[in-house]
Amino acid sequence: MSQASPIEKAGGGVATYVDQRVGSNKFLARSLGKVFPDHWSFMLGEIALYSFIVVLITGTFLTFFYKPSMIEVVYDGSYVPLKGILMSEAYASSLDISFDIRGGLLIRQMHHWAALIFIAAMAVHMFRVFFTGAFRKPREFNWLIGVVLVTLGLVAGFSGYSLPDDLLSGTGLQITRGIAQAIPVIGTWATFLLFDGQFPGSDFISRLYSVHILLIPGLILALVTVHLMLVWTQKHTQFPGPGRTNENVVGYPLMPVYMAKAGGFFFIVFGIIALIGGLVTINPIWIFGPFMPDQVSAGSQPDWYMGFLDGALRIMPNWETNLFDWWTISWNVLIPAVIVPGILFTGLALYPFIEAWVTGDKKEHHLLDRPRNNPTRTGFGVMAITFYGLLWIGGGNDVIATSFDLTINSITWFLRIAIFVIPPLMFVLTRRICLGLQRRDRDKLLHGYESGRILRLPHGEFIEVHEPISIKEKAVIMSKTDIAPLPAPERRDAAGVRNKRFHLQNVQHKLSGFFYAENIAKPSAAEIEAAEHHVAHEAALEAPLHDYEDADQINPFHGGVLHHPGMPETNAEQLAERSQH
Amino acid sequence: MKFLAARRRSPLFAPSLLAIALVAVGGAYAAISSAQTAQAADAGQVAIDEGNKLYLTGCSSCHGMQAEGSANGPTLIGVGAASVHFQVATGRMPLAAPGAQAVAKEPQYSADETAQLAAYVASLAPGPAIPTAEQLDYEDADIAEGGVLFRVNCAQCHQAAGQGGALTYGKYAPSLMEATPQQMYEAMVSGPQSMPVFSNGTLPVEEKKAIIAYVSELQVAPNPGGLSLGRVGPVTEGLFLWTAVFAALIGAAVWIGIKAR
């Protein structure tokens, strides 16, 4: 490689030219060699990023033809069943995109599918971050940015769903108006402000359009940039494994490995979106017809990400309070559509801070938790997902009723009760499963794993051979950090001064006990050594007699011995028994 | 002939000849026509009688011996032939089992038997009749107008794409994808189960035709967007997303992850 090829020469020339003007070489040299850890679940966020890029590209195409106007026009496009019907220009132009603009329907469907994937991928990415504890110090702010991104994603999606001004999207807006009106004191006026008067008014579509194509995507783009910059500067977390510590990053360099992988994955995501955009109908607006406030279709649903809100509304009993005969509080809307999502999203945003406070954990974490090693957190996550899932079922209660021959009323009543019973049940169940897995891990370290090979020893005894676990697995299990619950606070310190923060510290103590007290401690080094010793000793003692066939194939590590009553348990006993005869 | 020839010039000859001719023609006509009506009346009566027999064996246990109704079924007096034809031709009646509402199934009676049952019930009291061919001729109806009428009057239960929807306590508005024009018309005029009656005062015949034209169009409409996912809206779209699409995406992620190891 003493002689540079012409290509290298040319490339070097360009690099030098650019470097002399923007000083990029140093930056590139540092960046391209940056190491990223490897795991398939680290690509879930990439799905979100790539689908967002597809949304931006297809959305730009759609803006060329969509007209955000509520001016009434008579439809004269090529979709016959709507010919001659009065409709808004927004709906007419959406129909034109679908039927009269080359490739329009494909792009519209790709845009919609990509938007659904964007939000779903953010959710799945968030699950990964949550269950592995990647939100812990120093990444709390990035978690917050993520929560804001999800919220913005919901707004972006919903504003897009409302733009075609078809019967379905208009129905969604009706419900939005109802929710806004249910907010006490300001509700009615906020609605007037939003819709510039009575619903639906004539301005809402154009206002929503600015929000949908300018405000929200701008914010998302800015926050995504910050999100990725923070990943860059804080470095990516990694799963535990041999040689992986809290202080290093084990993986591959950005160039060429991740350039290729990420680039390839972008095209896979793009390809999947294009495929389903071309093959699977989404939001057939022409069937729903134009929005008229006096019309509604059975089975009107929001897109999946709003389904939980719709479900909460559907299962809520019809409660309202009429104060002094002039002021109505609509609990039936306020609780499911404002308070419940408010609690859900606030809890989501604050969770890293709550956990850090409860557990008194102030350390930096770059090594991920295995979900089982923090059973309480994992339980909370599963509980929240279950809660969300039940509300989701509520959102589709009519479709479920007709599909499975159920009555909509019994589904509603089931959910009203289940929403309080099943999530806590799932919490307890998940926590127990996690603790069980911890016990299993400890067991594996001390006794190896059950190989599934059953051996019959010369004296007739059956044993299952236990094999030592691999170095990798050992490293993964040993990565667990045992955290002791915070000690109970003293009412008075040694000098007899009253502890002013006693009650708060006591709450913290109890909660941290709730988090960690039941954790199964991983075996100490001494215990492991003792176990190895023990196993070796036992193995020697129980080693099969060598004057039998196949004896050399028997692994020295074993346990879980199956005994027949009255049989000698070891070769030593067997020998002793023999010598007596 | 001498008798006639002798009186041929009499002034009474022409009037009396006319009178004889009139009596003869009138008498013959009366004789023939009454025979025809008697035949028609006989045929109608036969259908009613046959219908009555079918009714007594198949329907009376719930609707009563004289169609007066019972605790198990409503009276059929005045429901009209349209209602009977709709319920029997779609297999809803006779009822397979008591439930929230009658379920459409394979018809249990032949077309003739259905007509006889309808004739019997129609003979009890006037009610909506089976639509004529002219009433069902929707060739010239305005599909777009029918779409508007459908969304105003039908979509809130039958769903915008006519896929049906849930009602309270296990009742439901059925899918219209298999409904024939006659069944749609009969359902509109008779209002089966939870459905309201759309009389000609509410929906004139022309508007009924327009709705039938629109629904018939929906039944055969292609799906320009590809796989339709049942045209029930975002629920199946979400299901497809979270199963097929995410299986593909996460499968790809895992695949890329495995390759690097």
Per residue, in Å², the accessible surface of the protein assembly as shown once ligands and nucleic acids are set aside, probe 1.4 Å: 51
Reachable aspartates and glutamates from A:LYS480, criterion Cα separation under 12 angstrom, eight or more residues apart if same chain: A:ASP369, A:ASP441
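Return the percentage of antiparallel bridges among DSSP beta bridges fully within the protein assembly as shown, rounded to the nearest 5 %. Could you put the intermediate results ahead of the total?
Values: 21 of 23 bridges.
The antiparallel fraction comes to roughly 90 percent.
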Rounded to whole Hz, the Karplus (6.51, -1.76, 1.60) HN-Hα couplings of segment A:471-478, x for glycine and proline: 4, 5, 5, 4, 4, 5, 5, 6
Exposure of B:GLU134 as accessible area (Å², to 10), given a probe of 1.4 Å and all protein chains: 120
Most mobile listed residue (B:MET188, B:MET93, B:MET65) in chain B, GNM with C-alpha springs under 10 Å: B:MET65
Segment A:42-135, accessible surface, carbon-and-sulfur percent (1.4 angstrom probe): 70
For peptides A:200-207, A:114-121, A:185-192, sequence by mean Cβ density within 10 Å, most packed first: A:114-121, A:200-207, A:185-192
Mean-position separation - Cα centroids, segment B:53-80 and segment A:262-298, in angstrom: 51
Relative contact order (percent, whole number), chain A, Cα cutoff 8 Å, 6+ residue spacing: 15
Rg ratio (alpha-carbon, reference 2.2 N^0.38 Å) - chain A: 1.28
In Hz, Karplus ³J(HN,Hα) per residue of segment A:506-513 (6.51, -1.76, 1.60; θ = phi - 60°; x = Gly, Pro): 5, 4, 4, 4, 5, 5, 5, x
Choice from B:GLU139, B:GLU113, B:GLU50 showing the highest fluctuation, given a GNM over chain B with Cα pairs closer than 10 Å: B:GLU139
Too-long pairs where the Cα-Cα distance tops 21 Å, listed order kept, from A:LYS444/A:LYS522; B:LYS105/B:LYS171; A:LYS444/A:LYS510; A:LYS444/A:LYS472; A:LYS137/A:LYS500; A:LYS474/A:LYS522: A:LYS444/A:LYS510; A:LYS137/A:LYS500
Amide H partners (placed H, <5 Å) of B:LEU227, local residues excluded: A:VAL280, A:THR281
Carbon/sulfur fraction of accessible area - segment A:370-441, other protein chains in place, 1.4 Å, %: 77
Cα-based helix-to-principal-axis angle, B:181-190 vs chain B, degrees rounded to 10: 80
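Give the average, rounded to an integer, of partner chain Cβ atoms located within 10 angstrom of each Cβ in A:259-270. Write out the running numbers ahead of the final one.
On the way: counts 0, 2, 5, 1, 0, 3, 6, 0, 0, 7, 4, 0.
Averaged over the peptide's residues, the number is 2.
Compute, for the protein assembly as shown, the length of the dipole vector about the Cα centre, with Cβ point charges of +1 (Lys, Arg) and -1 (Asp, Glu) only. Units Debye, rounded to 20.
Details: 58 positive and 68 negative charges, 390 e Å.
Roughly 1880 debye for the protein assembly as shown.
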Under 20 Å from A:LYS363, Cα to Cα: aspartates and glutamates that are on another chain or at least 8 residues apart: A:GLU140, A:GLU247, A:GLU355, A:ASP482
Helix axis angle, A:104-131 relative to chain A longest principal axis, alpha carbon, degrees: 40
A:ARG453 long-range amide H proximity, modeled H, under 5 Å: A:VAL465
C-alpha long axis of helix B:143-153 to longest principal axis of chain B, angle in °: 80
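How crowded by other chains is A:35-41, given as the mean number of beta carbons from other chains within 10 Å of each beta carbon? Could you put the intermediate results ahead of the total?
On the way: counts 0, 0, 0, 4, 4, 10, 4.
Average neighbour count from other chains, rounded to a whole number: 3.
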Counted charge near B:GLU206, where neighbours are those whose Cβ lies closer than 10 Å (Asp, Glu -1; Lys, Arg +1): -2
A:ASP19 accessible area, 1.4 Å probe, all protein chains in place, Å² to nearest 10: 50
Rounded to the nearest 10 Å², the accessible area of A:VAL428 at probe 1.4 Å: 80
Cβ neighbours within 10 Å from other chains - mean over A:394-406: 5
Most to least accessible of A:MET255, A:MET87 (protein chains only, probe 1.4 Å): A:MET255, A:MET87
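Counting pairs of alpha carbon atoms under 8 Å apart in space and at least six apart in sequence, what relative contact order in percent does chain B give?
Relative contact order of chain B: 16 percent.
What ranking do A:479-488, A:163-172, A:53-62 get when scored by the average of other Cβ atoms within 10 Å per residue, highest first? Intermediate values should be presented prior to the final figure.
Details: A:479-488: 15.6, A:163-172: 25.1, A:53-62: 18.8.
My ranking of the peptides, most packed first, is A:163-172, A:53-62, A:479-488.
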Positive-end residue of A:GLY133, A:HIS459, B:ALA244, charge dipole of the protein assembly as shown with Cβ unit charges: A:GLY133
Accessible-area composition of segment B:117-215, carbon plus sulfur, in percent [1.4 Å probe]: 55
Nonlocal amide H pairs with B:GLY164, under 5 Å, H built at 1.01 Å: B:GLN159, B:LEU176
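Ratio of alpha-carbon Rg to the 2.2 N^0.38 Å globular estimate for chain B, to two decimals, please. It would help to have the intermediate numbers written out before the result.
Numbers: Rg = 30.1 Å, N = 261, 2.2 N^0.38 = 18.2 Å.
My calculation over the Cα atoms of chain B gives 1.65.
Using per-residue counts of other Cβ atoms within 10 Å, averaged over each peptide, order B:222-229, A:525-532 from highest down.
Details: B:222-229: 15.4, A:525-532: 12.4.
My ranking of the peptides, most packed first, is B:222-229, A:525-532.
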Charge sum, other residues only, whose C-beta stays under 14 Å from A:ILE175's C-beta, Lys/Arg counted +1 and Asp/Glu -1: 0
Cross-link reach list, lysines versus A:LYS26, counting only Cα pairs under 23 Å and skipping chain neighbours closer than eight places: A:LYS9, A:LYS34, A:LYS235
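The values are calculated or read from the model by the stated rules, or taken from the named source; none is laboratory data. Bear in mind the structure is a predicted one, so any value in this text is a computation, not a measurement. All Cβ positions, glycine included, derive from the backbone under ideal geometry; neighbour counts span all protein chains shown. Just the protein is used for accessible areas: all its heavy atoms, side chains included, with ligands, DNA and RNA removed. Shrake-Rupley method; radii C 1.70, N 1.55, O 1.52, S 1.80 Å.
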